Amino acid sequence: MTLMDDKHLYSNFEYESALSTGTGATPKDTVNNSYLERMRARRQQEPSVEELVSGILHGDRTLLSRAITLVESSLFAHQRKAQEVIERCLPYSGKSVRLGITGVPGVGKSTTIETLGKHLTSHGHKVAVLAIDPSSERSKGSILGDKTRMEELSVDPNAFIRPSPSAGSLGGVARKTREIITLCEAAGFDVVIVETVGVGQSEVAAHSMVDFFLLLQLANAGDELQGIKRGIMEMADMISINKCELDMQRAELAAAQYRNALHLFPMPESGWTVKVTLCSAYTKQGIEDLWNSVMEYVTFTKQNGYFYHKRQQQNLRIMTEAIENGLRERFYNAPGMEERIESLKQQILENKLTPYAAADILLG
């Protein structure tokens, strides 16, 4: 039987639905159409700024998620609406402890965050996790699978997990993460954890939006000193050797090596002595001590004023980055710019113009 014959057979095949009335009518179609119309109307009825702000301040996770979606959107109309929501939420933000966690892939960042998050929620804290997934340079897509790796925390009523694509931004931290932190704080989350993609000099982007920066390391990944990078080591407020249950002796040796290496660095501006500890997200060893160290750091830096100074400097950095991003977007979106760039590219390929001269022409 051909495909056409098959279609003809099914088009002439009369069947009796469970919804049939016995008169030949099939109300199933009516039900489907009605459902689709309701869903279409619901999509068209986007919540207003007032509804979003009110929902966020009352801890409505659905409206918080919709506001975050607006923040992440690249549409101009969404951007304007998102900025208005952020400005209204700003007075209610800033009261959380912001914790950044980084480390090489496979070090156990997601497992550590889940174990720490469950510990915090069991003690009455409300935890927001902003898990940044790397975006593909080729397809620009992300898996966004961090919720599946934090199964217990994702169903905790006092936790909120939001995976976001890095979208090629510096250090693997989504460009809008700072705004999302503001929204989460306004929604009542008193601990915000930012998980970054990996380790590198560009992790300064993550450091610029958190209060405490935790670097996770492995003890059984070869020569520990190979993992010591001056940039990331100088930014870390604490180094923790994860998966210590696999080889306690090796983990203690690694911790000793990191402590010795830290003596070579100057004292941090905060005046805080960087700690090196052991932890195991699997057995929960050292997790409570980890959080106690975070709170000890917060108390210490609030007393000497560095905590507030750092947040002020972060706000100034945000302004500088916003200017740079705005200039870049306005430059490329200027009328006729795309055609001029293509024209100059062709002249460069034909060796009629140097790249520097072409850039000067466009900037002029």
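The values are calculated or read from the model by the stated rules, or taken from the named source; none is laboratory data. On a predicted model such as this, the values are computed, not experimentally measured, just so you know. A quick note on method: Cβ atoms are made from the backbone with ideal geometry, for glycine too, and the neighbour counts reach across all protein chains shown.
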- [ ] Say whether the condition of being in contact with a helix residue (DSSP H, G or I) (Cβ under 8 Å, 6 or more places away or on another chain), surrounded by 11 or more Cβ atoms within 10 Å (Cβ to Cβ) and not assigned by TED's automatic domain parsing to the domain that holds GLU234 is met by at least one residue in the range 318-325.
- [x] yes
TODO: Among the residues of the range 309-355, count how many are farther than 23 Å from THR182 by Cβ and either small (Gly, Ala, Ser) or outside any helix (DSSP H, G or I) (or both).
DONE: 10
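Would you call ILE113 surrounded by 23 or more Cβ atoms within 10 Å (Cβ to Cβ), in contact (Cβ under 8 Å) with a residue 40 or more places away in the chain, out of contact with any helix residue (DSSP H, G or I) (no Cβ under 6 Å at 6 or more places or on another chain) and not aromatic (Phe, Trp, Tyr)?
Details: surrounded by 23 or more Cβ atoms within 10 Å (Cβ to Cβ): yes; in contact (Cβ under 8 Å) with a residue 40 or more places away in the chain: yes; out of contact with any helix residue (DSSP H, G or I) (no Cβ under 6 Å at 6 or more places or on another chain): yes; not aromatic (Phe, Trp, Tyr): yes.
For ILE113, the condition - surrounded by 23 or more Cβ atoms within 10 Å (Cβ to Cβ), in contact (Cβ under 8 Å) with a residue 40 or more places away in the chain, out of contact with any helix residue (DSSP H, G or I) (no Cβ under 6 Å at 6 or more places or on another chain) and not aromatic (Phe, Trp, Tyr) - is met.
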TODO: Assess whether LEU144 counts as being within 17 Å of the chain's Cα centre (by Cα), modelled with pLDDT of 85 or more and either more than 21 Å from LEU214 (Cα to Cα) or part of a strand (DSSP E or B) (or both).
DONE: no
- [ ] Answer yes or no as to whether VAL53 is within 21 Å of VAL127 (Cα to Cα) and surrounded by 12 or more Cβ atoms within 10 Å (Cβ to Cβ).
- [x] yes
Task: Members of the range 116-135 that are among the polar types (S, T, N, Q), farther than 21 Å from THR196 by Cα and crowded, with 17+ Cβ neighbours inside 10 Å - done: THR121
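Is it the case that some residue within the range 159-168 is modelled with pLDDT under 80 and either closer than 22 Å to LEU63 by Cα or not assigned by TED's automatic domain parsing to the domain that holds ASP289 (or both)? I'd like the intermediate steps shown before the answer.
Going through the range 159-168, the residues modelled with pLDDT under 80 turn out to be 164-168.
In the following step, the residues that additionally are either closer than 22 Å to LEU63 by Cα or not assigned by TED's automatic domain parsing to the domain that holds ASP289 (or both) were identified as 164-165.
Yes, the range 159-168 contains at least one residue that is modelled with pLDDT under 80 and either closer than 22 Å to LEU63 by Cα or not assigned by TED's automatic domain parsing to the domain that holds ASP289 (or both).
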Open item on the list: Under 9 Å between Cβ atoms, which residue pairs at least 6 apart in sequence (or on different chains) link something in the range 177-196 that is farther than 13 Å from ILE68 by Cβ and among the hydroxyl-bearing types (Ser, Thr, Tyr) with a partner that is in a helix (DSSP H, G or I) and at pLDDT below 95?
Closed with: THR196/LYS109; THR196/GLY171; THR196/GLY172; THR196/GLU203; THR196/ALA205; THR196/ALA206
- [ ] Output the number of the condition that LYS275 fails; it satisfies all remaining conditions of (1) surrounded by fewer than 18 Cβ atoms within 10 Å (Cβ to Cβ); (2) of a type in the set (D, E, K, R); (3) under 23 Å from ILE193 (Cβ atoms).
- [x] (1)
